[in-house]
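Worksheet: one structure, shown below.
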Amino acid sequence: IATPAGCQEAMSQFSFTIFQGTEDITSWPGGCYHCDNTVNGCTTGVWFNFANPGDTNGGAMPICALPGWEETTTTTSSSTTTTTTTTTTTIAAQDIMLAKAGVNVCTVGYTKLST
């Protein structure tokens with residue numbers, strides 16, 4: 001996943017409810033990550049950082065996924081005046097994981113959700 005929207009989809013697997021937004025800061029993990037207010041300088045929530053690869057920062061935890069974790073089905077219907085596209089995303093819980101706090105890499109076989 002290389003978008004903030006994908007990050008928001010993935011965070012729901014951990015029951016995280018606060019998406020803080022995007023940033024481009026090299027001193028935080030690149031891609032999708034979670035941290036809380038016990039981490040110096042962090043506001044609790046999930047962030048999508050465009051800095052790639054970024055860096056470790058205290059207890060910030062990258063959100064990682066198995067390759068192909070997202071199965072997307074797109075249906076398009078059209079008429080002479082309107083085109084409607086519906087995208088459905090299905091996520092299997094075992095396909096998403098949190099990396100250890102204070103690292104900027106994922107467990108072998110998983111990748112960071114980043115650009």
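A few remarks follow.
- Approximating the spin labels as points 7 Å out from Cα along Cα→Cβ, the Leu98-to-Asp24 distance works out to 2.9 nm.
- Net charge in the neighbourhood of Pro53 (other residues with Cβ under 13 Å of its Cβ; Lys, Arg +1, Asp, Glu -1) is -1.
- In order through segment 35-48: 3J(HN,Hα) via Karplus (6.51 cos²θ - 1.76 cosθ + 1.60), integer Hz, x for Gly, Pro: 8, 10, 6, 7, 8, 3, x, 9, 9, 3, x, 9, 10, 10
Readers should treat all values here as calculations from the given coordinates under stated rules, not as data from a laboratory. None of these values were measured; they are calculated from a predicted model. Cβ sites come from the backbone with ideal geometry, for glycine too, and all protein chains shown count toward neighbours.
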